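Asks: Take a look at this one; I'll ask things after.
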Amino acid sequence: MGRRDDLARLAQAGSCVLHGTAGVGKTALALHFGHEEAERFPDGQLYADLRGFAPGPPAAATEVLRGFLLALGVPEASIPPEESAMAATYRSAIAGRRLFILLDNVRNSAHARPLLPADGAGVVVITSRHRLDSLAAREGLPHIGLDLLSSADASALLTRRIGAEHTAAEPDAVTALVHACARLPLALCLVAARTAGEPGTQIAHIERELRDERSRLDNLALDETDTDLRAVFSWSVRALSSSAARLFRLTAVHRGPDLTLAAAASLLGAEESATRPLLRRLVSGALLEEHAPGRYRSHDLLRAYAAGLSAEERTEGEQARCRLFDHLLHTGLTANRRHARFRQGIDPGPPAAGTVIVSIADLAEANDWFRSERLNLIAAVTDAEQHGLDAYAWQLPWVLTTFLYRHGHWDDLTTVQTIAAAAAARVGDTPAQARAYRDLGRIAVRLGRYEDARDHHTEALRLCTESGDARGQAHSHYAVSLALERLAAYNDSLSHARRALELYETEGNDAWRAAGLNRLGSVLTMVGDHQAALAYCTEAYALLVALEDRYYQAHALASLGLIHHRTGSHDEAIGHYQACVGLWRDFGNRFEEATALHRLGDVRLSAGDRQAALQAWSRALQLLEELGHAEAETIRGKLSDVRLNDTC
């Protein structure tokens, strides 16, 4: 059976409401509890299916009460016809008895209330797809939420139904099948029944059939209506209001792992105040789960069912998708401005009517939003590509770039910017295409793929030159310079850095001019012209302080630290790197923090402070290992060498 923890919760709770999504095993658990605890109920057990979520009308209270009274030995002639009198007779009949009463498949609190025993008369377990909160408020019945099976319990269920020899022969297929069935007991039982009905069928064969979400529910169907997942889910949806049913249907449009109130409101094109009670209704009906405060999700099979409903309303779904993308895009633009005030923006036009845009007050809120929505944004990018919405397919990656780049999500950034480059090419937006190539180049630098970085940036420069985009040319020259510096092609790097600065100066933008000055200074120190390098980087830093641009101040401090290290001014270098480390930590940019700590350790060693060098390198190594970056090996080697020398 599994679910030992859930059985223990039932035993401890006594009378309660056991709620959960369709097919999660509420009835099976309650029946198992009654069987295991039979000794606690010497006066017997009563069971009734109230058909709250089933074809046809729910069972009337009088129908159930009559059945209970007859089971309790009350003569039919003594059963009164009115519900209230019948309920009173029922409560008198069970008074003082130790019974287990299972009220299964209850639609709402009013459905169950006439069937509740008086206080102290046995244990009653109510199963429902709804939480039935009013029973907790008025009758004091606690509710126990039944979740999907754990992966271990789901695998064990398959093993019991199919046979240990069969599942042991295909362990990987069993794991994949558990995932395809969303760890939902009913789905797992359907798969097991199909396997038993088709001797010789491989588990892997069934799992392959279930990979396609569009046909998954078809492949889980049997002939009986009460075990057809579509029918089972449909009974929950029929109990909803039209507005709540519409929201459930539209949740399939959202391809990310979860959604917020603002995202749900955007799907509906409604106010948040009108959407909140609908979300509560879906949670109460076990069609959504509020897995974290304000964040909602459903399991894959419910999503597949919702997708089938949404496909029937294609126009509605397309409009909802655009509102959702606009919610993510325009909120992301606001959050991105908190990250990079001086970054050249994009103008996607006004959002669709009914879109909810979240206000982002500062950098901390921007980071929180991006952390929470990162996977949803990435899912939106791939969904935009699949639906041919190319403008969103390059604009959403633009929104994501700064956060992903600064927080080390380089694989994600590579994925979305590859999509962006292709989408921008399809719509003929050369500046957008060039930006995507520059971002791909920046990622390649971070990953140590310097030839790739040079090629991406060179392609961006070609596009900008052909289109006459002077600003894009400046950014591309800057980026090519950085890639060539990493390849130790210092003279070529210097040429591109000078051209970038020339173009930035014609733009009249102090932030970009400061970036150009710092880039040129960084290359000059690599070729040994430390005096000129110091002048350029000092000017860059002063401009950035005046602009209150703390992000690029950190870059300038890193350059100044390098210059002072190379000229033997260790105290100045240490001061610059320490300030640099603090800024990167404030921004949450673990890679740049690690780089600054790495260089700080180098200076500390040059200054003769081995212990401080080891501390800085150790912290840098920890950050790089968290990021899975290859540069960790370099630092690991330095730590090993210094420690080895200390022991000699």
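The values are calculated or read from the model by the stated rules, or taken from the named source; none is laboratory data. Everything numeric here is computed off the predicted structure, so don't read it as measured data. Here the Cβ is made from the backbone with ideal geometry for all residues, glycine too, and neighbour counts use every protein chain on show.
Asks: Restricting attention to the range 16-28, does a residue exist that is under 18 Å from V125 (Cα atoms), free of Cβ contacts under 8 Å to residues at least 40 places away in the same chain and touching a Leu at 6+ places or on another chain (Cβ under 6 Å)?
Replies: no
Asks: Within the range 364-377, which residues are among the aliphatic types (A, V, I, L, M), at pLDDT below 95 and buried (at least 17 other Cβ atoms within 10 Å of the Cβ)?
Replies: Within the range 364-377, just A366 meets the criteria.
Asks: Got at least one residue in the range 6-20 being surrounded by 15 or more Cβ atoms within 10 Å (Cβ to Cβ), over 24 Å from E139 (Cα atoms) and of a type outside the set (K, R)?
Replies: For the range 6-20, residues surrounded by 15 or more Cβ atoms within 10 Å (Cβ to Cβ), over 24 Å from E139 (Cα atoms) and of a type outside the set (K, R): absent.
Asks: Check R471 against each of (1) more than 25 Å from Y552 (Cα to Cα); (2) surrounded by fewer than 19 Cβ atoms within 10 Å (Cβ to Cβ) and name the one condition it does not meet.
Replies: For R471, the exception is condition (1).
Conditions (1) surrounded by fewer than 18 Cβ atoms within 10 Å (Cβ to Cβ); (2) of a type outside the set (F, W, Y); (3) in contact with a Gly (Cβ under 6 Å, 6 or more places away or on another chain); (4) over 16 Å from T251 (Cα atoms), marked per residue:
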residue: A307; (1), (2), (3), (4): no, yes, no, no
residue: G317; (1), (2), (3), (4): no, yes, no, no
residue: F325; (1), (2), (3), (4): no, no, no, no
residue: L333; (1), (2), (3), (4): no, yes, no, yes
residue: P350; (1), (2), (3), (4): yes, yes, no, yes
residue: V356; (1), (2), (3), (4): no, yes, no, no
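Asks: Then there is this: Note down all Cβ pairs under 7 Å where the first residue falls in the range 127-139 and is hydrophobic (A, V, I, L, M, F, W, C), the second is surrounded by 20 or more Cβ atoms within 10 Å (Cβ to Cβ) and in a loop (DSSP other than H, G, I, E, B), and they're at least six residues apart or on different chains.
Replies: Pairs that qualify, where the first residue is hydrophobic (A, V, I, L, M, F, W, C) and the partner is surrounded by 20 or more Cβ atoms within 10 Å (Cβ to Cβ) and in a loop (DSSP other than H, G, I, E, B), are L135/L141.
Asks: Moving on to the next point. Mind listing whichever residues of the range 305-328 are among the acidic types (D, E), touching a Ser or Thr at 6+ places or on another chain (Cβ under 8 Å) and farther than 14 Å from A384 by Cβ? Spell out the reasoning first.
Replies: Start the filter on the range 305-328 by keeping residues that are among the acidic types (D, E), which leaves 312-313, 316, 318, 326.
Next, only the ones that are touching a Ser or Thr at 6+ places or on another chain (Cβ under 8 Å) stay: 316, 326.
Answer for the range 305-328, where residues must be among the acidic types (D, E), touching a Ser or Thr at 6+ places or on another chain (Cβ under 8 Å) and farther than 14 Å from A384 by Cβ: just E316.
Asks: When you scan the range 464-478, do you find a residue that is within 35 Å of the chain's Cα centre (by Cα) and over 26 Å from L377 (Cα atoms), even just one?
Replies: Looking through the range 464-478, at least one residue is within 35 Å of the chain's Cα centre (by Cα) and over 26 Å from L377 (Cα atoms).
Asks: Where the second residue is in a helix (DSSP H, G or I) and polar (S, T, N, Q) and the first is over 13 Å from L329 (Cα atoms) and lies in the range 375-390, which pairs have Cβ atoms under 9 Å and are six or more apart or on separate chains?
Replies: Close Cβ pairs satisfying both conditions: T382/T415.
Asks: A follow-up question, please. Would you check which residues across the range 12-28 are more than 28 Å from A231 (Cα to Cα), modelled with pLDDT under 85 and either part of a helix (DSSP H, G or I) or under 28 Å from the mean Cα position of the chain (by Cα) (or both) and list them? Walk me through it before giving the result.
Replies: Keep residues of the range 12-28 that are more than 28 Å from A231 (Cα to Cα), which gives 12-15.
Of the ones still in play, those that are also modelled with pLDDT under 85 are 13-14.
The answer is A13, and nothing else.
Asks: Can A511 be described as within 17 Å of T458 (Cβ to Cβ) and either outside any loop (DSSP other than H, G, I, E, B) or among the aromatic types (F, W, Y) (or both)?
Replies: no
Asks: Could I ask something else about it? Can you tell me which residue among G441, G408 is out of contact with any Pro (no Cβ under 9 Å at 6 or more places or on another chain) and without any contact (Cβ under 8 Å) to a residue 60 or more places away in the chain?
Replies: Working: G408 fails: without any contact (Cβ under 8 Å) to a residue 60 or more places away in the chain.
Unique residue meeting the criteria: G441.
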